[in-house]
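Every read-out reported here was derived from the displayed coordinates using simple, explicitly stated rules and does not represent laboratory data. As the structure is a prediction and not an experimental result, all values here were calculated from the model. Note: ideal-geometry Cβ built from the backbone for every residue, glycine included; neighbour counts use all protein chains shown.
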Amino acid sequence: MLRFLYVIFMNLFRAPYMITRMRYEADHAERFSEEERYKLVRHTIYLMKKSGRITTECYGEENLPSEGGYVMYPNHQGKYDALGIISSHKEPCSLVMDEKKSHTILVSEFVDLCQGKRLKKDDVRQALRIINDVAADVKQGKKYILFPEGGYEFNNKNKVCDFKAGSFKCAVKSKAPIVPVALIDSYKVFNSFYMGKITTEVHFLKPLYYEDYKGLKTQQIAAIVKERIEEAIEEVLKNRNSR
C-alpha cells in the first residue's frame, strides 16, 4: 500500500493528462483501435513501474497459443497482478474484475480501456451473463485474464488458495485453451510493506487445450490448473534457495 501511494505521488505531475487521455479513449472506443487502447494501458503501466522501481520478468511466452482466443488463469496476490500480466502480454487482452473494486480512479480507466467485465459476486444471474459474454468474446478470438481464486490475502507470500470451479465455465463454453499463469512476488508491489526495488515474475505455463479437458468437470480442471501453478512457483523458489 505504501508503494502504491508513492507511485501516485511520483506521477502527480502527469496524472491529470494521463487519466484524462485514458478516460477519453475508453469513452470513445469507436475512435481508437483495440491495439491503440492497449498500447496506452501498457504505457501507463510502464510509467508506474519506472517510478515505483518495479521490474517484471516474463517467462514462457512461447506457451501462449499463436492463434485464436484463450483464457489466462493466474494465482491472485494483489493489486499489481493484472498489471504485471498485461505488461508481459504483448497482444491485447481483457480481464474480469470484481465490480466493487473496479470503480476507483485509474482502475476504472484500465478496465474500460481493455473493455473488461465487471463481475458482481453476489448476483448469480449477472455472473452467468458475464460467463456467457466472455465465452462469446473468446470464441471471436479475444484473450482474457480471469482470477479463479476470486480474491487474495494481504502479504500472501506466494501462497495459492483454492480455485473456484465456476470460473472455468467460460473456457469450457468456448472450448478455448486454458493458460495457467504463475505469478511470483507480485504481492510485494502493492500488497505488502516492502519498499525496496522489487522484481516480480510472470510465468505463462503450457496451456490445456479443449482436447485435454473436454471430458473433465470444472472442479477437476480447477485442480489441475492450481497444481501446475503451485508446482511452477515451488520450482522457482526452490531454485532460488539452492543458489
The chain - share of DSSP beta bridges that are antiparallel (%, nearest 5): 20 percent
Cα-centred dipole magnitude for segment 50-140, charges only on beta-carbon of K, R (+1) and D, E (-1), debye, nearest 20: 380 debye
Charge sum, other residues only, whose C-beta stays under 10 Å from residue 152's C-beta, Lys/Arg counted +1 and Asp/Glu -1: -1
Cleavage-rule hits, trypsin sites (Lys or Arg not before Pro), segment 62-109, DSSP coil, Cβ neighbours within 10 Å at most 15: 90
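Could you grab the Rg to Rh ratio for segment 99-187? Cα atoms only, Kirkwood for Rh.
On the way: Rg = 13.8 Å, Rh = 14.5 Å.
That ratio is 0.96, to two decimals.
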Selection from 152, 178, 132, by position along the positive dipole direction of segment 115-182 (Cβ): 132
Positive dipole terminus of the chain, leading residue within 115, 187, 242 (C-beta point charges): 187
Normalised alpha carbon radius of gyration of segment 111-243 [divisor 2.2 N^0.38 Å]: 1.14
Estimated 222 nm signal from helices in the chain, with DSSP H stretches of n ≥ 4 weighted -39500 (n - 2.57), rounded to 500: -13500 deg cm²/dmol
Length-normalised contact order for the chain - Cα pairs under 8 Å, 6+ apart - percent: 28 percent
Net +/- balance of residues flanking residue 114 in space, Cβ distance below 13 Å, scoring K and R +1, D and E -1: -1
Tail fraction, Cα-Cα pairs, segment 1-81, threshold 19 Å, whole percent: 55 percent
Computed log₁₀ I(q)/I(0) - Debye formula, equal Cα scatterers, no solvent, segment 57-141, q 0.19 Å⁻¹: -0.99
Zero-based 5 Å bins, Cα pair distances in segment 1-43, whole percents: 5, 21, 23, 20, 14, 11, 4, 0
Pair residue 235, residue 21: separation of 7 Å Cα→Cβ label points (nm): 3.9 nm
Positive-end residue of 68, 7, 45, charge dipole of segment 4-89 with Cβ unit charges: 7
Segment 122-169: chymotrypsin sites (Phe, Trp or Tyr not before Pro) in DSSP loop, at most 16 other beta carbons within 10 Å: 154
GluC sites (Glu not before Pro) restricted to DSSP loop in segment 1-84 with at most 15 other C-beta within 10 Å: 67
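Just want to confirm a number: the relative contact order over segment 13-121, from Cα pairs under 8 angstrom separated by 6+ residues, in percent.
Relative contact order here is 37 percent.
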Simple Cβ-charge dipole of the chain, Lys/Arg +1 and Asp/Glu -1, about Cα centre, in debye nearest 20: 480 debye
